[in-house]
1. Mind counting the residues in the range 103-114 that are touching a residue at least 24 places away in the same chain (Cβ under 8 Å), farther than 9 Å from Phe67 by Cβ and not charged (D, E, K, R)?
2. If I filter the range 221-244 down to residues being under 25 Å from the mean Cα position of the chain (by Cα) and β-branched (Val, Ile, Thr), which single residue comes out as nearest to Leu171 (Cα to Cα)?
3. Take the residues in the range 107-126 that are surrounded by 13 or more Cβ atoms within 10 Å (Cβ to Cβ) and small (Gly, Ala, Ser), then tell me which one is nearest to the chain's Cα centre (by Cα).
4. Name the residue that is farthest from Lys179 (Cα to Cα), counting only residues in the range 258-272 that are in contact with a Ser or Thr (Cβ under 7 Å, 6 or more places away or on another chain) and part of a strand (DSSP E or B).
5. Can you tell me which residue among Ile157, Ile82, Ile108 is assigned by TED's automatic domain parsing to the domain that holds Val185, within 22 Å of Leu198 (Cβ to Cβ) and not aromatic (Phe, Trp, Tyr)?
6. Please work out which one of (1) more than 15 Å from Ile64 (Cβ to Cβ); (2) of a type in the set (Val, Ile, Thr); (3) surrounded by 13 or more Cβ atoms within 10 Å (Cβ to Cβ) is the condition Val132 fails and give its number.
7. Have a look at Ala183, Ala187 and point out the one that is touching a Leu at 6+ places or on another chain (Cβ under 8 Å) and at pLDDT 95 or above.
8. Could you say whether any residue in the range 158-173 is outside any loop (DSSP other than H, G, I, E, B) and in contact with a Lys or Arg (Cβ under 8 Å, 6 or more places away or on another chain)?
Amino acid sequence: MNYYEPSFVIYYRKVKCRGDVRSSVFLISIGKVTYTKIDEEQRLAAKKPSESCFVHKRRGSMKIIIFSNGQIDHYNFVNNKITQYDLMICCDGGVRHTKALNRVPDYIIGDLDSSPKAIIEYYKSLNVDFKVFPTKKDETDTEIGIDFAITLGATHIDLYGATGNRFDHTLANIHTLMKALKAGVIARIIDEHNCIELIDKSIELTGAAGDIVSLIPLSTVVSSVCTFGLEYPLNHEDLKIGSSRGISNVMIGGTARITIDSGYLIVIKACD
C-alpha cells in the first residue's frame with residue numbers, strides 16, 4: 001500500500017480501513033505498511049500499485065482516496081488502484097461510485113442531497129461513519145472532504161469523480177488543491193485522461209516519451225519556470241495568467257521535472 005522509499009521515521013496510527021476489509025488497521029511505517037486482522041486475499045492484493053503520474057520524495061505517508069459526485073466512465077481504471085490507499089472518503093454523491101465498485105468507504109461526508117437514498121441506507125446498515133452537513137453552506141462537499149482528510153492526517157489525497165459535465169465543479173475542485181498544498185499535503189485530481197496537481201516549488205513526472213504535459217498558471221505570474229525532459233524547454237521563464245504558453249508540451253523520455261521560483265502552477269499530465 002505504501003510504495004515510497006524506506007524511511008527511518010516510524011509512526012503508527014489506528015484507522016478504519018474498509019474497502020473490502022471491515023476491521024481496524026495499524027499502520028507502522030518504516031518504508032512500508034504492516035496490517036493486522038486482514039484476510040490473506042486482501043493482504044496479497046496490497047502490492048505495489050501501477051506506476052503513478054507523479055513521483056514525490058515523501059516519507060511516512062498516509063494516503064486517502066476521495067470520491068466526488070463527478071464522472072467516472074470506466075470503473076476498472078479506479079478499481080486497480082484502490083489497494084494503495086489507507087482510507088476512503090465519499091463526498092455526497094460519490095457514494096454512487098463506491099457502490100458500483102462494491103467498496104465500503106470509511107466516511108461519507110456532505111449534505112447528502114445528491115446521494116441515492118437506497119445507497120445511503122445500505123451504507124448505514126454497514127455502520128459507515130457519516131458526517132452530515134446542511135445543504136445551505138459556503139463550501140462544496142468536495143472541499144469539506146478535503147478539509148476532513150487533512151484533519152485525519154493525510155499526507156496524500158487523490159480525488160476521483162472530481163471532473164465531469166459540471167465545469168464549475170471541475171474548476172472549483174482544481175482550486176481546492178490550493179488548500180491541500182498550503183497544508184503540506186500532496187493532492188491530485190485523477191481521471192482516465194488527466195492527472196492534475198498544483199505546485200509551488202517543483203514536481204517530478206514519470207511516464208513515457210510522447211506523454212502530454214501542460215503547465216497553467218493559477219497565480220497572476222509564475223516566475224522562473226524551468227523544465228527538464230520536455231520537448232519544448234522553459235529556462236527560467238515566467239508564465240502569466242491569460243496565456244496558453246504552457247499547453248501541450250511533450251515528454252521526451254520516461255521522466256520529467258518542473259521547478260518554479262514563485263507562484264502557483266497547475267501541472268496536468270494528459271492523454272487524448
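The values are calculated or read from the model by the stated rules, or taken from the named source; none is laboratory data. Remember, it's a predicted structure, so these values are computed and weren't measured experimentally. Note: ideal-geometry Cβ built from the backbone for every residue, glycine included; neighbour counts use all protein chains shown.
1. Final tally of qualifying residues: 5.
2. Ile241
3. Across the range 107-126, the extreme among qualifying residues is Gly110.
4. Ala270
5. The match here is Ile157.
6. It fails just one condition, (3).
7. Ala187
8. Yes, that holds for at least one residue.
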